[in-house]
Structure formats: C-alpha cells, structure tokens
Amino acid sequence: MAKPKILFIDDEEIVLRSCRRIFASSGYEIDTALSGEEGLSKALSQDYDIVVTDLKMPGIGGMEVLSRLRKEKPETTVIIFTGYASVDTAREALKNGAFDYIPKPFTPDEIREVIKNALEAREGQQKKMLDLMAIVSHELKSPVSALHTTASTLYKGYFGQLSQEQMKILETIIRNCEYLEDIIRSYLDLSKMELEQLDSFKEEIYFVKDVVEEVLSLPEIKDNTKKMTVARNFPEDVRISGDPRLLKILVRNLISNAIKYGYENTEIKLGLEKKDGQVVFSVYNQGVGISPEDGQRLFKKFERLKQRGTEGVKGSGLGLYICKKIVESHKGRIWFESEPGK
C-alpha cells in the first residue's frame, strides 16, 4: 500500500518539529511548509492525501489554503490547526469543507486520532466511489460497444453505399462512441487499480512481446479511424520486472492519446532504449503541440488542455493521470517533450 502523504503548514517551526517527531515512526510520508504561500504551492503541485494548515498566518492564511484546495484539489482532505479554537472559527472551517480541526496546543494522541479518522474516511469514500464507477462502467460497456460496432459496419459500406450526409452522421456517432468508451475504460481502469493501493503484482516479462505487441493488436489501434500507422524502433526486447496488466493499460493509454491528438494519416513512432541503467519507452506523434505552461497540468486528474486545433476532441481527463500512477508504482517517471505547433 502506498504511504499516505501528509503536508503540515504552520508559521511556527516548533509546531512543524512536533509534527515530524509525532509521526516519525508512523509509516506516513511527512512534508512541511513554514508559510501559507509555500504550503499552497506544494499542495497544488503535488498529490497529498491530507493537508493540515494553521488558520492564522502572515500572508496566505488557512482559510485561503482551504478555499483554493477545495476548488483546485478537491480530492485532498484538509484539516485546520487553530490556536483560536472558538465555535465560530471551527464552524466556518467545517462549513467551507475542512474535515476537522485541531486546537493548539495539542497532544500527540489528539493529532494522531484526527489524522487516523481522516485517512479511514478517505479510504471508505474512495472504495465506495470505485465500486460505483465499476458497476456503472460495466453496465455501459456492452451497449456502447455494440453501438460502435454497428455504426462502424455501416460506415465501411457493408450494407450498401451511403450518402455524404449519412457518412457525416455516422462519423459523429462513432466519435461519440469512442469518447464514451474512453470514459468507461478509464473508470474501469481506476476501479481495477485502486489507485491509492498500487502495489503492483510484479513478474519478469518481455516488455515488447508481453505488453506492446498485445496492445498494438487491439482493433481501436490497429484499425484506428484516423488511418495513423505505428512505426516501431525496438533494437531489442527488454526484460523488466513489472505488472503486465497495468503496463498494458499504460501503453494503450499513451498510444490512444497519440491517435486522439495526432494528425490524420501521420505516423506514430514507438521507441525503446536502455539509457543510464533504465529502460526508456517513448511514444511520438505529430499534433498541435503542448506549451510548457499547459504541460504542468498534463498528468493531473480530470485535467484536459484546451488548445487550438483540439476543440472537437473529447476525453475523460483521466488517461495520463492513470499513466503517471502506473509509472510511479513501477518506480519510474513519465514526462513529455513538445513545443506549440509541433
């Protein structure tokens, strides 16, 4: 199970030292920040399970941290530290979305109990959400696939020649089916993976034979509607220790994204090389490109970049987030290289 990540924000170093000492042997991953500005920057750029923030600080205070996280990182649980433990401040914090508050000064048992309750609440909420997503996704999968297959069969002319207007209508149906299948697949992937507990089942596998080749045989990639071809640059196969099920999800998502955001009739290039003791797998396409600023949001949950040239492309906003989680569970890293217009 992944270690819970907790960020403590307080302008008093003694409070932060106390938190580090109390949770030193807890098995949690602890981070600290000495100001609201530093803490908010960390909380927005990284994925913390829990953020505990002081209410009153110079500059950005705890209420502003809470407000920003509710808006931009709603999956993060926020707890308030306060030396002003009045009923009014506690009520305001809870009303604005805080899970609980910890009055200062606090005992080790008091803060441990609040953190424990918050983690248990997160685990229960995530399990219910994943179970619900799995049920709904399974129910939708078959009828959407049947509709997609029927529309594709008509579009290919197996039941007679169609007019241009009829072809356009079928293209719209097929695009929307692909969009729905993308969402269904992403939610099913999430429910299977249980992202907060990504201890992969690792075995010795060949990356090309056991992962990449199986993905490339999928109809959605092999017979993609954009008529994009896939070129392989694999000087040799490599053996790695990994979870083949998760790695197939990773490769499928990356290649599907390359198709979705690539230009029609262009080539997708797959690369594989050993570099500095690591295995590097790359997926290249030709598309509108990504700016460095937009790239900061690329791997965040439910984030979708709005770029000129991709206005009609739909997606779940989960694919690259799932990729990042899978790569990190294999002790790797994922990144992009691009520039606008290329």
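Sorting the segments 71-83, 262-274 by their mean number of nearby beta carbons within 10 angstrom, highest to lowest, gives 71-83, 262-274. Averaging the Cα positions of each part gives two centres, and for segment 143-168 and segment 1-34 these lie 58 Å apart.
Put simply, when 29-41, 47-59 are sorted by average Cβ atoms within 10 angstrom per residue, most first, you get 47-59, 29-41.
Potential lengthening of the chain between GLU72 and LEU216 amounts to 48.3 nm, from the contour at 0.36 nm per residue minus the alpha-carbon distance. Annotation: extensible slack from SER35 through GLU120 equals 27.8 nm (criterion: 0.36 nm per residue apart, minus Cα-Cα distance). In the frame of its principal axes, segment 200-342 has Cα extents of 43, 29, 27 Å, reported largest first.
In order along segment 29-35, phi translates into HN-Hα couplings of 9, 9, 10, 9, 8, 8, 7 Hz, rounded to whole numbers, per the Karplus curve 6.51 cos²θ - 1.76 cosθ + 1.60 with θ = phi - 60° and x for Gly and Pro.
Note on LYS342 and ARG175: the model spin-label points, each 7 Å out from Cα along the C-beta direction, lie 2.8 nm apart. For a straight C-alpha distance cut-off of 27 angstrom, the lysines reachable from LYS95 (same-chain residues fewer than eight places away being disregarded) are LYS5, LYS42, LYS56, LYS71, LYS73, LYS104, LYS116, LYS127, LYS128, LYS300, LYS301.
Whole-Hz Karplus values for segment 104-120 come out as 9, x, 10, 8, x, 5, 5, 6, 4, 5, 5, 5, 4, 4, 5, 5, 5 Hz, taken residue by residue from phi with 6.51 cos²θ - 1.76 cosθ + 1.60 and θ = phi - 60°; glycine and proline positions read x. In percent, rounded to a whole number, the relative contact order of segment 200-342 is 24, using alpha-carbon pairs under 8 Å and six or more apart. Around the Cα centre of segment 200-342, unit charges on the Cβ atoms of Lys, Arg, Asp and Glu (plus for the first two, minus for the last two) sum to a dipole of about 440 debye.
Once the other residues with Cβ under 12 Å from the Cβ of ASP210 are scored (Lys, Arg +1; Asp, Glu -1), what is the net sum?
With Lys, Arg at +1 and Asp, Glu at -1, the net is -2.
In summary, the lysines within cross-link reach of LYS209, defined as a Cα separation below 27 angstrom excluding same-chain residues under 8 places away, comprise LYS192, LYS222, LYS226, LYS227, LYS248, LYS260, LYS269, LYS274, LYS275, LYS324, LYS325, LYS331.
Sequentially through segment 165-171, phi angles give Karplus couplings (6.51, -1.76, 1.60; θ = phi - 60°) of 5, 5, 4, 5, 5, 5, 4 Hz, Gly and Pro residues having no value and appearing as x.
Every number in this text was worked out from the coordinates using simple rules, so none of it is lab data. Computed from a predicted structure; not experimentally measured. Every residue, glycine as well, gets a Cβ built from its backbone with ideal geometry; the counts of neighbours run over all protein chains shown.
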